[in-house]
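The values are calculated or read from the model by the stated rules, or taken from the named source; none is laboratory data. These figures come from a predicted structure and were not determined experimentally. Here the Cβ positions follow ideal geometry from the backbone for every residue, glycine too, while neighbour counts run over all protein chains shown.
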Amino acid sequence: MKKIIPLLLFLCTSLGFAQITTVPTIPEANGLVTLKFNKTGTPLASYTGTIYAHIGLTVDGVQWQNVVGSWGNNSTQPALVLESGTNYKLDLTPNLYTYFGVPTTSTITQICVVLRAAGGSPQTADTFINVGAFQLTLTAPVQNSTTILSSGSNITVSATNTGGNASYTLKSNGVTINTNPSTSTYSYIHSAITSNQNYVLDAVVGTSTISKKFSVIVNPGTISQALPAGMVDGINYNLTDETKATLVLNAPFKDFVYVAGSFNNWQPDGNYAMKKDPTSGKFWLEVTNLIPGTSYSYQYWVGDQTSLPANSPALVKTADPFSTLVLSPFDDPEIQTLGVYPNLPQYPEGQEREVTVLQTGPNAHHAYTWSDATTNFVKPSKKDLVIYEVLVRDFDANRTYQNLIDRIDYFKNLKINAIQLMPVMEFEGNESWGYNTAFHMALDKRYGSEAKLKEFIDLCHQNGIAVILDIALNHVYGRSPLERMWMLDSNGDGWANDNPRVSAENPYCNQAARHSYNVGTDLNHFNEPNNLTNTYVQRTIEHWMNDFKIDGFRWDLTKGFTQNCPFTGSGANQDNCTNNYQADRVAKLKWYADMQWAIDPEFYVIFEHLGNGGSYNEEVEWANYRKTGEADGISKGIMQWRKMTDPYANFLKGNSANLSGVADATERFIGYAESHDEERVMYKALTEAGQTQNNLPKALKRLSALGALHLLVPGPKMIYHFGALGYDDSIFTCNNGTVNPPGTGTGNPAGDCKLDSKPQPQWTENWLGDVARKKVYDDWAKMINFRINENVFENGQHAWNFATTGKPRLDIWTSTTSTPDLSYVFVLTNATNSASNTTAGFPYTGTWYDLMDGTPIVVTNTNMTVNIEVDGFRIYGNKQALLDKDEFNVTKATLYPNPSSNAFQINVMTKEVAIYSVTGQLVKEFKGGFESNHSYSIDNLNQGIYLVKVTDENDNHTSIKWVKK
């Protein structure tokens, strides 16, 4: 089972020979069985925590059936009981049929088990314990194998059994072809085979029957026929005939491919041997007689006999690399039980590995009708972005898109204008951060259906929120067809070897990683002349942009997009190379950026590069790429992540902190105090040396000031999961509630719990009802509202002053002299244990305003002192902010069309509609009350970007960014 556990971002598997026995020594399926384990000499020898069993059966000849619970879920998988010292046990009672839920009409021949630590690793090897005195051994061919034969060839079937003579029956494609009523050594030659065969060999002793399955595939040879024009890899739906679809697979170096599916009862004959285009070498097949609306599933059975690399399987069964929905025998049972994906098609019984879903017609799983809010959505400007990073798994209890939909007010009221979802593409297992991607165009089903994610994206757009997807296109994991079709499998278990995982023929993957940060199997983006990886990336980009209407990609681990840094005997050398400037990486990622901008010129392209040395120079080059001189008038430029966790944590603690790195002159660096990869700043503030250690109230008070020093700095910003509510559990919190950071050992390898699901006290403890936490949330919301809607925070200059520890100052301005609009703002802080009479340093005299509460201050002396309480802060501006705090009570108004040229409409009744320029000047207003969908004339306004402030009949407010064209 070691190959199909749900890998996360990093999961090191430690294997050894487990000392597992049973009582009785030969267990019987209809009796009590006790599993005994002595951990001495196993990978778990030094582990002191709870040991869990990943356990199932071989039922009717198929291993790993009726598995109890799911890997890594300690609440559903059985725990062993410590008997004494190093000895453990697990009772399987009252019998194997009942314990595992197997019908008594089935035959149980093995117990299949892996024993693991609470965090998943270390673990034992797969162990198979025979059940019953009657055992059947298939000596030729191998059980569950597929043998490739030329048409007209023969195959020999042989088997032996224990427990006395057995009665044998051999069936092929459901028809009995041979019997032997009494023997313990069976042999038969099936001759002159001209079509594919699925065999079942049954052996009966008394009332017990054991079945062994195997199959034969006939090599159909090359069926040369030109690929119809306009076909792309994957499924090509026929737009004029919904009973047809054409499948296309690019599989270099392979001899033949069959399409097996529910439309041919998973028994493909010669009619389902794919044709081969003589020009491109692609395999293709038109599938006919489909019923619109019916969900079909299929696989490619990929055969290779010519110059087959050593340890490469001659036949690989795999889903389509370009699948948009896959079914999994490993993941789907839990998804069906949870009910998070309504009407999910059943995985086809008797098959193995992932299969692809094909569905034609207007009600197909991929169909969705978008609202005008999405089709007319105007993205927030790059410099205005306040991004909220979300891991669906840890956002709310059910871990679904529906949770996000139900909590949309949490995002709206916080005023953020973008949500970035950590990877939602089909990953291995059901509990993951998502970076162990197997199918980049398919949605992982654990979080819900395709329609439900689209509904969430649509809802975000209706509320002015852009949606960005995190995507990992530098690697794949073991279930991916990009690996499987060219994998090395020396032990014949159907999964790739550990190192190398693929043959040198693989057109997508490197045999060894070409950079120092690799996880999974490294993709080669430079394999010319055909460069299938580029095609795969392009199709992935087009799919999410066109079909899901997303607004941006955050490209994970962009340092992996180079071929220049192979391992040459020194990890340090490879690391130095990876962190140097690499021209191939720069050019390739610009090319991918252009690919996205060709579809949508305003698309957000974000790189997780975290450059240093030469690789920082790459970041600057990308940030400035196509920022000026565009014919379409749109400033592009690639955005970069900018980590500032430690400086912001030091500010909270009252320590010296230089926060200047949160922004960059290129205006394309997304500064953040927290992300999924970094320790929570509140946890650091509460556990590390400083004034806030073990003092939650003090840390929460300072968190509002942190928001001012973070959110108001010009340039895009990001916040992470409930940072605005002071989330204070460590990122290294384990499933059992303990904390296991790097450099420690509490039963799990140090830092092993980083990827564990996290507790959700924000909901269970009602943090929005907690006065101290809610104040932080409200303060941050007001600041975000300022920075999104006031020009000074988008186009202003800024300066820092860190001269006094605990009292950073931030100034933002578009003018240093008095103007009619908000053009100068400065932040004063007091992260100390004493009240502070601070010299304010107003830039000029006149009336200023505390932007947090609107209080005016008449300044006659620019160096007047301002009293700031312990852990307090002030934000002063030369004018009151355009959108004041009353707008926390918002209406659900939508303006359409957007952009528009002569008039626009608003979907609610209004009392007042005011239009402001981006500099805050009122340029037009409508008063007196208007019905919903009233047409507002805007003929006399110049082309450009405006802010429309809507007041509805109940005096609720909202502001909408609008483009006059």
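Somewhere in the stretch 118-133, is a residue surrounded by fewer than 15 Cβ atoms within 10 Å (Cβ to Cβ), out of contact with any Cys (no Cβ under 6 Å at 6 or more places or on another chain) and on the phi < 0 side of the Ramachandran plot?
yes
How about the stretch 902-931: which of its residues are hydroxyl-bearing (Ser, Thr, Tyr) and at pLDDT below 90?
If the condition is that a residue be hydroxyl-bearing (Ser, Thr, Tyr) and at pLDDT below 90, then Tyr916, Ser917, Thr919 are the ones that fit.
Output the number of the condition that Ala226 fails; it satisfies all remaining conditions of (1) outside any strand (DSSP E or B); (2) modelled with pLDDT under 95; (3) over 27 Å from His440 (Cα atoms); (4) among the aliphatic types (A, V, I, L, M).
(2)
Taking Asp779, is it part of a strand (DSSP E or B) and under 27 Å from Glu667 (Cα atoms)?
Numbers: part of a strand (DSSP E or B): no; under 27 Å from Glu667 (Cα atoms): yes.
No: the conditions fail for Asp779.
Please verify whether the stretch 426-447 includes one or more residues that are buried (at least 23 other Cβ atoms within 10 Å of the Cβ), at pLDDT 95 or above and out of contact with any strand residue (DSSP E or B) (no Cβ under 8 Å at 6 or more places or on another chain).
Looking through the stretch 426-447, at least one residue is buried (at least 23 other Cβ atoms within 10 Å of the Cβ), at pLDDT 95 or above and out of contact with any strand residue (DSSP E or B) (no Cβ under 8 Å at 6 or more places or on another chain).
Looking only at the stretch 906-964, filter to residues that are assigned to a loop (DSSP other than H, G, I, E, B) and aliphatic (A, V, I, L, M); which one of those is nearest to Lys379 (Cα to Cα)? Explain how you work it out, then say what you get.
At the first step, the residues of the stretch 906-964 found to be assigned to a loop (DSSP other than H, G, I, E, B) are 907-909, 918-921, 931-934, 938-943, 953-956.
Retained after the next criterion (residues that are aliphatic (A, V, I, L, M)): 908-909, 918, 938, 941.
Details: Val908: 22, Met909: 25, Val918: 15, Ile938: 21, Leu941: 21 Å.
Here the residue is Val918.
Yes or no: the stretch 491-500 includes at least one residue that is free of Cβ contacts under 8 Å to residues at least 40 places away in the same chain, polar (S, T, N, Q), touching a Lys or Arg at 6+ places or on another chain (Cβ under 9 Å) and not in a strand (DSSP E or B).
No - not one qualifying residue is present in the stretch 491-500.
Can you go through Asp202, Asp233 and tell me which one is crowded, with 18+ Cβ neighbours inside 10 Å, charged (D, E, K, R), touching a residue at least 12 places away in the same chain (Cβ under 8 Å) and more than 30 Å from Phe134 (Cα to Cα)?
Only one candidate passes the filter, namely Asp233.
Would you say Lys807 is of a type outside the set (Ser, Thr, Tyr) and assigned to a helix (DSSP H, G or I)?
no
The rows are residues; the columns are (1) under 47 Å from the mean Cα position of the chain (by Cα); (2) of a type in the set (Val, Ile, Thr); (3) over 18 Å from Pro714 (Cα atoms).
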position	(1), (2), (3)
Arg809	yes, no, no
Trp813	yes, no, no
Leu851	yes, no, no
Thr855	yes, yes, yes
Val859	no, yes, yes
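Can you find even one residue in the stretch 663-680 that is within 32 Å of the chain's Cα centre (by Cα), within 23 Å of Lys782 (Cα to Cα) and of a type in the set (Ser, Thr, Tyr)?
yes
Which condition from (1) over 27 Å from the mean Cα position of the chain (by Cα); (2) not in a loop (DSSP other than H, G, I, E, B) is the one that Val357 breaks?
(1)
Looking at the stretch 386-394, can you tell me whether even one residue there is aromatic (Phe, Trp, Tyr), crowded, with 22+ Cβ neighbours inside 10 Å and assigned to a loop (DSSP other than H, G, I, E, B)? Talk me through it step by step, then tell me what you get.
In the first step, residues of the stretch 386-394 are kept if they are aromatic (Phe, Trp, Tyr); the result is 388.
In the following step, the residues that additionally are crowded, with 22+ Cβ neighbours inside 10 Å were identified as 388.
If we keep only those that are assigned to a loop (DSSP other than H, G, I, E, B) too, we end up with none.
There is no residue in the stretch 386-394 that is aromatic (Phe, Trp, Tyr), crowded, with 22+ Cβ neighbours inside 10 Å and assigned to a loop (DSSP other than H, G, I, E, B).
Take the residues in the stretch 538-590 that are part of a loop (DSSP other than H, G, I, E, B) and hydrophobic (A, V, I, L, M, F, W, C), then tell me which one is farthest from Val605 (Cα to Cα).
Restricting to residues being part of a loop (DSSP other than H, G, I, E, B) and hydrophobic (A, V, I, L, M, F, W, C), the top hit is Phe567.
Could you please find all residues in the stretch 127-169 being in a loop (DSSP other than H, G, I, E, B) and closer than 20 Å to Phe256 by Cβ?
Those that are in a loop (DSSP other than H, G, I, E, B) and closer than 20 Å to Phe256 by Cβ: Pro141, Ser145, Ser151, Gly152.
Output the residue which, of all residues in the stretch 111-122 that are assigned to a strand (DSSP E or B) and out of contact with any Gly (no Cβ under 9 Å at 6 or more places or on another chain), is farthest from Lys39 (Cα to Cα). Don't jump to the end; show me each part of the working.
Quick first cut of the stretch 111-122, residues assigned to a strand (DSSP E or B) only: 111-116.
This time we only want the ones that are out of contact with any Gly (no Cβ under 9 Å at 6 or more places or on another chain), so: 114-115.
Values: Val114: 13, Leu115: 10 Å.
By that ranking, first place goes to Val114.
Which of (1) surrounded by fewer than 19 Cβ atoms within 10 Å (Cβ to Cβ); (2) of a type in the set (S, T, N, Q); (3) under 24 Å from Asp384 (Cβ atoms) does Gln640 not meet, given it meets every other one?
(1)
Within the set of pairs 6 or more residues apart or between chains, which connect a residue that is more than 15 Å from Cys112 (Cα to Cα) inside the stretch 84-98 to a residue that is charged (D, E, K, R) with Cβ atoms less than 9 Å apart?
Filtered contacts from the stretch 84-98: Thr86/Lys39; Asn87/Lys36; Asn87/Lys39; Tyr88/Lys36; Tyr88/Lys39; Lys89/Lys36; Lys89/Glu83; Asn95/Glu28.
Tally time: how many residues in the stretch 742-776 are at positive phi and either at pLDDT below 95 or assigned to a helix (DSSP H, G or I) (or both)? Before the answer, list the steps.
Going through the stretch 742-776, the residues at positive phi turn out to be 743, 747, 751, 766.
Now restrict to residues that are either at pLDDT below 95 or assigned to a helix (DSSP H, G or I) (or both): 743, 747, 751.
The qualifying residues number 3.
Just one of (1) over 27 Å from the mean Cα position of the chain (by Cα); (2) modelled with pLDDT of 90 or more; (3) not charged (D, E, K, R) trips up Gln77, so point out which.
(1)
Answer yes or no as to whether Thr337 is surrounded by fewer than 24 Cβ atoms within 10 Å (Cβ to Cβ), assigned to a loop (DSSP other than H, G, I, E, B), under 26 Å from the mean Cα position of the chain (by Cα) and of a type in the set (Val, Ile, Thr).
So Thr337 does not fit the description; no.
What number of residues in the stretch 271-299 are crowded, with 20+ Cβ neighbours inside 10 Å and small (Gly, Ala, Ser)?
2
From the list Trp763, Trp767, pick out the single residue that is under 30 Å from Arg407 (Cα atoms) and without any contact (Cβ under 8 Å) to a residue 60 or more places away in the chain.
That would be Trp767, the only listed residue that is under 30 Å from Arg407 (Cα atoms) and without any contact (Cβ under 8 Å) to a residue 60 or more places away in the chain.
When you go through Ile784, Ile812, Ile857, Ile788 one by one, which is the residue that is in contact with a helix residue (DSSP H, G or I) (Cβ under 7 Å, 6 or more places away or on another chain) and assigned to a strand (DSSP E or B)?
Going through Ile784, Ile812, Ile857, Ile788 in turn, just one is in contact with a helix residue (DSSP H, G or I) (Cβ under 7 Å, 6 or more places away or on another chain) and assigned to a strand (DSSP E or B): Ile812.
Checking the condition modelled with pLDDT of 95 or more, of a type in the set (S, T, N, Q), in contact with a helix residue (DSSP H, G or I) (Cβ under 9 Å, 6 or more places away or on another chain) and more than 30 Å from Asp384 (Cβ to Cβ), which residue from Ser704, Ser730 passes? Working first, answer last.
Working: Ser704 fails: more than 30 Å from Asp384 (Cβ to Cβ).
Result of the check over Ser704, Ser730: Ser730.
Looking at the structure I just gave you, is Ser280 in a strand (DSSP E or B), of a type outside the set (Val, Ile, Thr) and on the phi < 0 side of the Ramachandran plot?
Numbers: in a strand (DSSP E or B): no; of a type outside the set (Val, Ile, Thr): yes; on the phi < 0 side of the Ramachandran plot: yes.
So Ser280 fails the test.
Condition first: in contact with a Ser or Thr (Cβ under 6 Å, 6 or more places away or on another chain) and assigned to a strand (DSSP E or B). Now tell me which residues in the stretch 285-311 satisfy that.
Glu286, Tyr296, Ser297, Tyr298, Tyr300
How many residues are among the aromatic types (Phe, Trp, Tyr) and part of a loop (DSSP other than H, G, I, E, B) when one looks only at the stretch 591-612? Give the steps one after another, and end with the answer.
Here is the first cut: in the stretch 591-612, the ones among the aromatic types (Phe, Trp, Tyr) are 591-592, 597, 603-604, 607.
Now restrict to residues that are part of a loop (DSSP other than H, G, I, E, B): 603.
Result for the stretch 591-612: 1.
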